[in-house]
Amino acid sequence: MRFMASRIVSIELGERSYDIYVGGALLPRIAELLPMDVPGGSFFIVSDENVKTYAGQVQTLLKQSGARVCESLILKPGEQTKSFAEFEKTCRWMLSHGVDRKSTLVAVGGGVVGDLGGYAAASVMRGINFVQVPTTLLAQVDSSVGGKTGINVPEGKNLVGAFYQPKTVVADIDTLKTLPRRELLAGYAEIAKYGLLGDYAFFQWLEEHGRDVCALETEALSHAIEKSVEAKAAIVAADEREQGRRALLNLGHTFGHALEAAAGYDGRLLHGEAVAIGMVMAFDLSVRTGLCPAADLARVEEHLISVGLPTRASFIEPGLNTTPEELLEIMRRDKKAEKGSITLVLADGIGRAFTSRDASEEMILDVLSDSLGGEANARLLQKWKAAFAAKR
Ligand code: ADP
Ligand code: ZN
């Protein structure tokens, strides 16, 4: 009876296994969902300005249940918060408030709070209990599954961090009601990714119900998140430290990272938007290598546009001041490029992705150049703008 309204996905990682709760009205039940196998342990809540009401709710409920809870640490929203300075602040905040080995850090927020909080939890006292309450769609379907934590450094994003699994993840879809639409859609790109990389039937389902998901329709949204979490969990369980199958999760990402770098992380382009454009590029490249039917590329683009996601680099406003050659150079430097040749995730059809080092640089340049080139895409651009504005 207790968990009737929610779905539970178990992440099987031996003694580090944990459950992810997905559904509505979960925050009000936070106290019963958290692992209370640490009697006497105190709670530390980290959050950001935009979601501090959720943090406040968690704090109140935990207190009411009799737990010792420290005042929450509310950080500034945004990627700049994933820094050494904020990491130090978070660790020292816990240390100055009596953290001990039985303490639990609860990260209430999006990927920024989750990544930074997770790394602080992994580090303080050489590791305390960690709980994630993801409040962005992206964090619910992606960053809260798999145990990657960390911060950005001047040398690059996420270059300092640790694999550290949470004890529990509570993904309450009600928190998404306050999430800006662009952020919501950016999270949807990662949902579509799971269909595109390995689950044709799920992609078909998304073609039918994707707009309901993006309209926050409870059943559709819960199903999409559950399927995504399961897909990532299965890959992570088979391959916790990213060789082999886990690499498929990078579908669209090498292209996407290049776009993000070219945009200079200035808010013009969200990660999920870059991934949407990057996935279209990956399918375009797959078609050019003769592996994938052109109809599948058209379907991928059609679907992403229909929910309101951008699919071409030329859609980015203000426009990227870059060239195909420059983007290729960034791709070569991507940390996943091994010994000169670029490893990309290609597909021989929707739901059938694989890694390949065979794509020629000429072909990659053609793909980049087509995505950047604006004129031929006027029809798609109009369609995308209409879909973004339509909300449903
Ligand atoms: P990610 O997209 O990786 O999860 P962030 O943690 O940067 O990234 O979250 C994206 C933005 O959305 C941030 O400005 C954050 O404060 C804000 N945010 C997160 N969750 C919510 C929410 N439920 N409602 C409103 N804003 C939110
Ligand atoms: Zn991603």
Task: Between 0 and 90°, nearest 10: helix 253-263 axis offset from the chain longest Cα axis - done: 90 degrees
TODO: Quick one: dipole size for the stretch 190-243, taken about the Cα centre, charges +1 on Lys/Arg Cβ and -1 on Asp/Glu Cβ, in debye to the nearest 20.
DONE: 120 debye
TODO: Relative to the longest principal axis of the C-alpha atoms of the chain, give the angle of the C-alpha long axis of helix 84-96, reported between 0 and 90° and rounded to the nearest 10°.
DONE: 20 degrees
Task: Among A224, A25, Q64 - extreme Cα towards positive end, dipole of the chain, charges at beta-carbon - done: Q64
Open item on the list: Could you compute Rg(Cα) / (2.2 N^0.38 Å) for the stretch 181-389, with N its residue count?
Closed with: 0.95
Task: Net dipole in debye of the stretch 125-230 [+1 Lys, Arg Cβ; -1 Asp, Glu Cβ; about Cα centre; nearest 20] - done: 540 debye
TODO: Divide by every residue of the chain the summed helix terms, -39500 (n - 2.57) for each DSSP H run of at least 4, and state the resulting mean residue ellipticity at 222 nm, rounded to the nearest 500 deg cm²/dmol.
DONE: -14500 deg cm²/dmol
Task: Amide H within-cut-off set for L13, under 5 Å, with H built and near neighbours excluded - done: Y18
Task: R0 of 30 Å, Cβ-Cβ distance Q64-T178: FRET efficiency to nearest 0.05 - done: 0.85
- [ ] Would you kindly derive the ³J(HN,Hα) couplings of the stretch 264-269 from the backbone phi angles with the Karplus curve 6.51 cos²θ - 1.76 cosθ + 1.60 (θ = phi - 60°), listing them in order in whole Hz, with x for Gly and Pro?
- [x] x, 6, 9, x, 5, 9
- [ ] Give me the net charge of A359's neighbourhood, meaning all other residues with Cβ under 12 Å from the Cβ of A359; Lys, Arg count +1, Asp, Glu -1.
- [x] -3
TODO: For the chain, find the longest principal axis of its Cα atoms and tell me its angle to the long axis of helix 200-214, 0 to 90°, nearest 10.
DONE: 70 degrees
Task: Charged-residue dipole, Cβ positions (Lys, Arg, Asp, Glu), the chain about Cα centre, Debye nearest 20 - done: 1040 debye
- [ ] Report, to the nearest whole %, how much of the accessible area of the chain belongs to carbon and sulfur atoms, 1.4 Å probe, protein only.
- [x] 51 percent
Open item on the list: Straight-line reach from K102: which lysines fall under 18 Å, measuring Cα to Cα and dropping same-chain residues less than 8 apart?
Closed with: K63, K167
Task: Close Lys-Lys pairs in the stretch 181-389, where close means Cα under 29 Å and separation is 8 or more or interchain - done: 14
TODO: Compute the separation of the alpha-carbon centres of the stretch 296-365 and the stretch 99-139 and state it in Å as a whole number.
DONE: 32 Å
TODO: Excluding residues on the same chain fewer than 8 positions from K76, give the lysines whose Cα lies under 23 Å from its Cα.
DONE: K52, K89, K148, K157, K177
- [ ] State the volume of the convex hull built on the alpha-carbon positions of the chain, expressed per residue in Å³ and rounded to an integer.
- [x] 130 Å³
- [ ] Provide E15, E301 ordered by accessible surface of protein heavy atoms (probe 1.4 Å), highest first.
- [x] E15, E301
Task: Calculated log₁₀ intensity ratio I(q)/I(0) where the Debye formula runs over C-alpha points of the stretch 103-149, q = 0.16, 0.22, 0.28, 0.30 Å⁻¹ - done: -0.34, -0.63, -0.95, -1.06
TODO: Of the options N250, G267, I330, report the single residue whose Cα projects farthest towards the positive end of the charge dipole of the chain (beta-carbon charges: Lys, Arg +1; Asp, Glu -1).
DONE: G267
Task: Kirkwood-based Rg to Rh ratio, the stretch 7-178, C-alpha trace - done: 0.92
- [ ] Calculate one ³J(HN,Hα) per residue across the stretch 7-20 by plugging θ = phi - 60° into the Karplus curve 6.51 cos²θ - 1.76 cosθ + 1.60, and present them in order as whole Hz with x for glycine and proline.
- [x] 10, 10, 10, 9, 9, 8, 9, x, 6, 9, 5, 7, 10, 10
Task: Computed over the chain: relative contact order in percent, which uses C-alpha pairs under 8 Å that are six or more apart - done: 14 percent
Open item on the list: Using the Cα centre of the chain as origin and beta-carbon charges of +1 (Lys, Arg) and -1 (Asp, Glu), tell me which of A186, F43, V145 is placed farthest towards the positive end of the dipole.
Closed with: F43
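The values are calculated or read from the model by the stated rules, or taken from the named source; none is laboratory data. Small disclaimer: the values here were computed from a predicted structure and weren't measured. When we count neighbours, we look across all protein chains shown, and the Cβ atoms used for this are built from the backbone with ideal geometry, even at glycine. Note: accessible area is taken over every heavy atom of the protein model, side chains too, but ligands, DNA and RNA are not part of it. Shrake-Rupley method; radii C 1.70, N 1.55, O 1.52, S 1.80 Å.
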